[in-house]
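As structure tokens, the structure follows; a few thoughts come after it.
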Amino acid sequence: MTTDLSCTTALHTAAAQGHIDVVNLLLETDSDLAKIARNNGKTVLHSAARMGHLEVVKSLLSKDPSTGFRVDKKGQTALHMAVKGQNEEIVLELLKPDPSVLGLEDCKGNTALHIAVMKGRTQIVRCLLSVESININSTNKAGESPLDIAEKIGNPEIVSILKEAGAINSKDHGKPPNAGKQLKQTVSDIKHDVQSQLQQTRQTGFRVQKIAKRLKKLHISGLNNAINSATVVAVLIATVAFAAIFTVPGQYVEDKTKGLSLGQAHIANKAPFIVFFVFDSLALFISLAVVVVQTSVVVIEQKAKKQLVFVINKLMWLACLFISVAFISLTYVVVGKESRWLAVCATVIGSTIMLTTIGSMCYFVILHRMEESKLRSIRKAESRSRSFSMSVASDSEILNNEYKRMYAL
């Protein structure tokens, strides 16, 4: 008979899918096919019992009743497989040849009753308890009786059924759990929990890295937007500063006048105009310098782009500050001596707003620098540690600190 890599025969496939005619035909051809087990130790009867095919189970048992005692690599019989399902008739059919199969234990010491309780199969439990030879208080290698398991999983209905049948806890029937077996079970459970936690940690690490990549793209996009915005603002300030010098109040000398030059501003000799002229010129040329840099320099690397934005932002701060000073100085000319208080009010309001704004920005820049310093310390600690869990924790810290929704450069 031909088998695949897992030693699965045509009889295995037909039995698992419930094709009774095909099963009977193959058994008539060679009844020994029922004895062939797959790589995991499961026979054809295991598959049919687990999938709930009653007629197939009957046919297999009629050819060889002893197959009901065959165990797989987990030590489980076909009865262990049957109680995981919902078909009581299959359970009873497997018990007909020899009810003693009910007492067979798997590699963990679990009988069919233990498995049925674990799976919460209420009707199957009732069915097994109807068999006279059942040992209702048998304990597995963990020292647990069926009643212990039912209470552990929190199934009050099965607890009630077992107690009505006379079941008791393992501690109450004078058979203390084997210390060695209990320790082995505990170690096995801890190992399983550790493996699950490591797997979850790895998955978390992958998710963190994926999120970090998306946030990095958003971060670069934010830097590009900041650069583009700075360019627009620089052009706007340069335009305003350029136009302001040619639209001063009082206009210019248009006729020849002694002591004055043609085109000279009438207020050229006043101190406020000189202050205006100096700071307006500074704002104009700083803005033009920013425009030149923005249109000439191409930055690819993220760190260099961040440094460029930092420099440009500081230049724009100065340009905004200088254009504000130029405006305030010119107000002293426009309002005249009698309304000088208006110019003073403009000075107070403008100074308060600009100094508060720039002071706040300086505070946030310093705060961001301090957090970056903390982030570098975390990275150094991570490089000195070989622990994977430490690495994931550091990744989370990096996400929280490096890729913020908002920060000042």
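The values are calculated or read from the model by the stated rules, or taken from the named source; none is laboratory data. Values in this document were obtained by computation on a predicted structure and should not be read as measured data. Because the Cβ atoms are built from the backbone with ideal geometry, glycine has one as well, and the counts that use them run over all protein chains shown.
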Output the number of the condition that Ala142 fails; it satisfies all remaining conditions of (1) closer than 27 Å to Lys96 by Cβ; (2) surrounded by 21 or more Cβ atoms within 10 Å (Cβ to Cβ). (1)
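Got at least one residue in the stretch 50-68 being in a loop (DSSP other than H, G, I, E, B) and over 43 Å from the mean Cα position of the chain (by Cα)?
Checked the stretch 50-68: at least one residue is in a loop (DSSP other than H, G, I, E, B) and over 43 Å from the mean Cα position of the chain (by Cα).
Table: residues versus (1) surrounded by fewer than 11 Cβ atoms within 10 Å (Cβ to Cβ); (2) in a helix (DSSP H, G or I); (3) modelled with pLDDT of 80 or more.
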| position | (1), (2), (3) |
| --- | --- |
| Leu162 | no, yes, yes |
| Pro176 | no, no, no |
| Thr186 | no, yes, no |
| Ile211 | no, yes, yes |
Take Ala304 and tell me if it is more than 23 Å from Thr239 (Cα to Cα) and touching a Pro at 6+ places or on another chain (Cβ under 9 Å). no
So Val131 ticks every box in (1) at pLDDT below 90; (2) aliphatic (A, V, I, L, M); (3) over 27 Å from Ser62 (Cβ atoms) but one. Which box is left unticked? (3)
Using the structure shown, decide if Ser196 is modelled with pLDDT under 85, under 30 Å from Ser145 (Cβ atoms) and within 33 Å of the chain's Cα centre (by Cα). yes
Which listed residue, of Ser287, Ser351, Ser329, is assigned to a helix (DSSP H, G or I) and without any contact (Cβ under 8 Å) to a residue 40 or more places away in the chain: Ser351
In the stretch 145-160, how many residues are among the small types (Gly, Ala, Ser) and surrounded by 19 or more Cβ atoms within 10 Å (Cβ to Cβ)? 2
Quick one: is Gln123 under 27 Å from Cys107 (Cβ atoms), in contact (Cβ under 8 Å) with a residue 12 or more places away in the chain and exposed (fewer than 15 other Cβ atoms within 10 Å of the Cβ)? yes
Those residues of the stretch 236-252 which are surrounded by 15 or more Cβ atoms within 10 Å (Cβ to Cβ) and either closer than 18 Å to Asn313 by Cα or modelled with pLDDT under 75 (or both) amount to Ile237, Ala238, Val248, Tyr252
Selection count where residues are touching a Phe, Trp or Tyr at 6+ places or on another chain (Cβ under 8 Å) and assigned to a helix (DSSP H, G or I), scope the stretch 76-107: 1
When the residues of the stretch 300-326 are narrowed to those that are free of Cβ contacts under 8 Å to residues at least 12 places away in the same chain and over 23 Å from Phe285 (Cα atoms), which ends up surrounded by the most Cβ atoms within 10 Å (Cβ to Cβ)? Ala304
Residue satisfying all of: in the stretch 92-115; buried (at least 16 other Cβ atoms within 10 Å of the Cβ) and of a type in the set (Asp, Glu); farthest from Asn40 (Cα to Cα) among these: Glu93
It is to be established whether one or more residues within the stretch 32-43 are in a helix (DSSP H, G or I) and of a type in the set (S, T, N, Q). no
Can you tell me which residues in the stretch 29-49 are surrounded by 18 or more Cβ atoms within 10 Å (Cβ to Cβ) and basic (Lys, Arg)? Arg38, Lys42
Is it true that some residue in the stretch 164-171 is at pLDDT 85 or above and exposed (fewer than 12 other Cβ atoms within 10 Å of the Cβ)? yes
